[in-house]
Amino acid sequence: MSNVWVASESAAIEVAGLTRWFGQTLAVDSLNLTVKAGEALGFIGPNGAGKTTTMRVLATLDEPDVGDAYVCGFSCTNDPDRVRHRLGFMPDAYGAYPNVSCIEYLDFFARSYGLVGRERIRAVKRVLEFTKMSHMVDKPTTGLSKGMKQRLCLGRTLIHDPQVLIMDEPAAGLDPRARIELKEMVARLLDEGKTLLISSHILTELAEMCSRVAIIEHGHLLAAGTVSEILEKYSAQEVSESGERLTMVQIGFLGSGEALLGFLNQRTKGELQIKGEQVECVLPDNPEIWAGLLCELVGHGFQITSFIPKQRSLEEAFLKVTRGRVQ
Ligand SMILES: Nc1ncnc2c1ncn2[C@@H]1O[C@H](COP(=O)(O)OP(=O)(O)OP(=O)(O)O)[C@@H](O)[C@H]1O
Ligand SMILES: [Mg+2]
């Protein structure tokens, strides 16, 4: 690679050959990553993969040993002020201060970004509305629920209306309702045209929020692409001896499993297994064959309650990509 990096115009975030050592630990190793303007990229990796280190460099809180990172074309090392105006960083842990109310907290960050007068009042009002925290203004920042803390932290990150948002594990520790609310807020941010880089340990957690994902381990980019591309490439797909792709179909039934098993034994070559009121049946990966079999079962009077081809698992794909050695 050339040592002069030209940040591409459509990229809102560009990580270029980023390397960061901490003593003997290579936290990020020649990492290249691009997030296009207006997209949400899921940044996935196990503990110690280098996600926070990469994000801290992007947020101008740390400097790389080699390489650089760019936000809206501006270098994080050479032009940090311009980067800070365009970027909001939501860290994985945020400080709550005793005797500080939510509105005072947001007002403090608005002042830190140099917002004054009506502009500051408008900015605080805007983020309170966005995060649906208007009714919480006088509550102390200590003692908020985890979900409320996350909203307040997102509000603070949005106070200067940045184009680019870096969110370090925003879904960690949230209950299902708070997760859904986070997902909705991410969708609204995308509607506003913002660019997002969101980290997590868990691929499934980000699959619904992000159009593309990048998987890292030991500071290396292991895979990048849309969720379906990753699934296609890495999830375990069974293959028959003759090389035919296979899919497990779960067939729910009422009545005698023995009769159904006997019928399926004659019709299919694959493995069969009864689990409660379901038969698991390995079939060729061909929807026409599935539809034909379902017609036959119903035609022969079997009471079929469900017929579900098993989804390929994102977790399986993740385990296949990563090697699981924590550093
Ligand atoms: N300030 C530091 N001093 C020493 N080592 C560090 C420092 N920050 C990070 N590291 C090391 O760098 C590696 C990458 O850490 P990083 O925090 O970036 O990983 P991560 O992907 O964010 O992990 P996690 O999922 O646990 O948050 C780890 O081995 C970590 O111990
Ligand atoms: Mg981290």
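Only one entry of Lys36, Lys51 meets the criterion of being more than 13 Å from ligand 2 (Cβ to nearest atom), out of contact with any helix residue (DSSP H, G or I) (no Cβ under 9 Å at 6 or more places or on another chain) and of a type in the set (Lys, Arg), and that entry is Lys36.
There is at least one residue in segment 167-179 that is part of a strand (DSSP E or B) and either within 16 Å of ligand 2 (Cβ to nearest atom) or surrounded by fewer than 21 Cβ atoms within 10 Å (Cβ to Cβ) (or both).
Scanning segment 243-271 for residues that are within 38 Å of the chain's Cα centre (by Cα) and modelled with pLDDT of 90 or more yields a total of 5. Determine the pairs where a residue that is in the same structural domain as Ile216 (by TED's automatic domain parsing), located within segment 45-61, has a partner that is of a type in the set (S, T, N, Q) and more than 8 Å from ligand 2 (Cβ to nearest atom) with Cβ atoms under 6 Å apart, the partner being 6 or more residues away or on another chain. Qualifying pairs under 6 Å: Pro46/Thr322; Gly48/Gln327.
As for segment 284-291, it holds no residue that is modelled with pLDDT of 90 or more, touching a helix residue (DSSP H, G or I) at 6+ places or on another chain (Cβ under 7 Å) and among the hydrophobic types (A, V, I, L, M, F, W, C). Residues that are buried (at least 20 other Cβ atoms within 10 Å of the Cβ) and under 14 Å from the mean Cα position of the chain (by Cα) within segment 32-45 comprise Val35, Ala40, Leu41, Gly42, Phe43, Ile44, Gly45, listed in sequence order. When Phe89 is tested against (1) buried (at least 16 other Cβ atoms within 10 Å of the Cβ); (2) over 28 Å from Gly225 (Cβ atoms), only condition (2) is not met. Those residues that are polar (S, T, N, Q) and either within 13 Å of ligand 2 (Cβ to nearest atom) or outside any loop (DSSP other than H, G, I, E, B) (or both), I need them from segment 54-101; list them, please. The answer is Thr54, Ser75, Ser101.
Please count how many residues of segment 133-180 are touching a Lys or Arg at 6+ places or on another chain (Cβ under 9 Å) and without any contact (Cβ under 8 Å) to a residue 40 or more places away in the chain. Final tally of qualifying residues: 12.
Just name the residue that is nearest to ligand 1 (Cβ to nearest atom) out of those in segment 69-100 that are aliphatic (A, V, I, L, M) and more than 19 Å from Val186 (Cβ to Cβ). Across segment 69-100, the extreme among qualifying residues is Ala93. Filtered by the rule that a residue be surrounded by fewer than 17 Cβ atoms within 10 Å (Cβ to Cβ) and either of a type outside the set (A, V, I, L, M, F, W, C) or modelled with pLDDT of 95 or more (or both), segment 1-18 gives Ser2, Asn3, Ser8, Glu9, Ser10. If you check Gly147 against the conditions, is it at positive phi and modelled with pLDDT under 95? Judged against the criteria, Gly147 is not a match. Selection of segment 212-269 for residues being loosely packed, with under 14 Cβ neighbours inside 10 Å and within 30 Å of Ala37 (Cβ to Cβ) yields Thr226, Ser228, Glu229, Glu232, Lys233. Within segment 180-229, the residues that satisfy the criterion of being within 16 Å of ligand 2 (Cβ to nearest atom) and in a loop (DSSP other than H, G, I, E, B) are His201, Ile202, His218, Gly219. Contact map, segment 273-294: residues that are part of a strand (DSSP E or B) paired with residues that are aromatic (Phe, Trp, Tyr), Cβ distance under 7 Å, separation 6+ or inter-chain. Pairs shown: Val279/Phe253; Leu283/Trp290.
Just name the residue that is nearest to Gly73 (Cα to Cα) out of those in segment 19-31 that are within 16 Å of ligand 2 (Cβ to nearest atom) and surrounded by fewer than 15 Cβ atoms within 10 Å (Cβ to Cβ). Among residues in segment 19-31 that are within 16 Å of ligand 2 (Cβ to nearest atom) and surrounded by fewer than 15 Cβ atoms within 10 Å (Cβ to Cβ), the one nearest to Gly73 (Cα to Cα) is Phe22.
The values are calculated or read from the model by the stated rules, or taken from the named source; none is laboratory data. None of these values were measured; they are calculated from a predicted model. Virtual Cβ from ideal backbone geometry, glycine too; neighbours counted across all protein chains shown.
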